[in-house]
1. Of all residues being at pLDDT 95 or above and out of contact with any Ser or Thr (no Cβ under 6 Å at 6 or more places or on another chain) in segment 114-125, which is nearest to G60 (Cα to Cα)? Just the residue, please.
2. If you go through segment 53-66, how many residues are surrounded by 13 or more Cβ atoms within 10 Å (Cβ to Cβ) and either part of a strand (DSSP E or B) or at pLDDT 95 or above (or both)?
3. Taking only segment 56-70 into account, find how many residues are under 15 Å from G34 (Cα atoms) and over 10 Å from the mean Cα position of the chain (by Cα).
4. Please tell me if L44 is of a type in the set (A, V, I, L, M, F, W, C), within 16 Å of M25 (Cα to Cα), in the same structural domain as S17 (by TED's automatic domain parsing) and in contact with a Pro (Cβ under 6 Å, 6 or more places away or on another chain).
5. Report, by residue number, each residue of segment 107-139 that is loosely packed, with under 15 Cβ neighbours inside 10 Å and among the β-branched types (V, I, T).
6. Give the residue, chosen from T80, T142, T75, T88, that is within 30 Å of P12 (Cα to Cα) and part of a helix (DSSP H, G or I).
7. Which pairs have Cβ atoms under 7 Å, sit 6 or more apart or on different chains, and link a residue in segment 82-99 that is acidic (D, E) to one that is surrounded by fewer than 17 Cβ atoms within 10 Å (Cβ to Cβ)?
8. What is the one condition in (1) without any contact (Cβ under 8 Å) to a residue 40 or more places away in the chain; (2) aliphatic (A, V, I, L, M); (3) loosely packed, with under 14 Cβ neighbours inside 10 Å; (4) under 30 Å from G19 (Cα atoms) that A50 does not satisfy?
Amino acid sequence: MRTAVVRIGVDPEGRLSAGQLRSGMAELTRLAAGIGARVIGNDLSVLPAARREAELLMDGPDAVALQEAALSLCTKAFGTEPVAGVVTFVSHGTDDDAHGVLAGFGLTGQVHRYPSGAGWDVVEVTLRRADLQRVPESRIHTALEASLNSEVRILVT
């Protein structure tokens with residue numbers, strides 16, 4: 001399962017007091033725990049209104065669904081009209097992460113991992129030639145290596 005950091009602007013107009021922000025974060029932490037999410041503890045009251053973003057660690061592959069769930073939680077916790085921020089995925093170097101990177105490019109492929117014999121993994125990713133006409137192989141290769149922290153070899157069928 002992939003883990004995302006979901007950012008939600010909870011006070012875009014800067015109307016909440018420091019106390020309201022603290023109680024909102026406490027409520028958000030309680031609500032998030034109820035769905036298996038975790039809140040990254042930040043003191044939002046010391047930030048400018050434009051940067052008052054709650055950050056939630058949420059498990060799942062669908063960034064849009066995670067963002068919608070986080071927006072709902074923040075609406076309940078802060079009583080504001082929160083604004084969706086950026087969603088990034090934390091990489092654990094797993095095959096799920098490789099499939100997630102491919103999905104980000106709109107691709108599917110086969111992932112095979114084996115030990116290199118020198119202390120690290122080699123990850124072979126098999127892609128269709130037609131997909132590489134749409135997305136440059138170098139972009140896919142760079143994104144996979146960054147996500148997996150492994151040697152990546154792309155095979156084309």
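The values are calculated or read from the model by the stated rules, or taken from the named source; none is laboratory data. These numbers come from a predicted model, not from an experiment. Note: ideal-geometry Cβ built from the backbone for every residue, glycine included; neighbour counts use all protein chains shown.
1. V125
2. Residues in segment 53-66 being surrounded by 13 or more Cβ atoms within 10 Å (Cβ to Cβ) and either part of a strand (DSSP E or B) or at pLDDT 95 or above (or both): 8 in total.
3. The qualifying residues number 2.
4. Spelling it out, it is not the case that L44 is of a type in the set (A, V, I, L, M, F, W, C), within 16 Å of M25 (Cα to Cα), in the same structural domain as S17 (by TED's automatic domain parsing) and in contact with a Pro (Cβ under 6 Å, 6 or more places away or on another chain).
5. Result: T108, T126.
6. Exactly one residue qualifies, and that residue is T75.
7. D95/R113; D96/M1
8. So A50 meets the others, but not (1).
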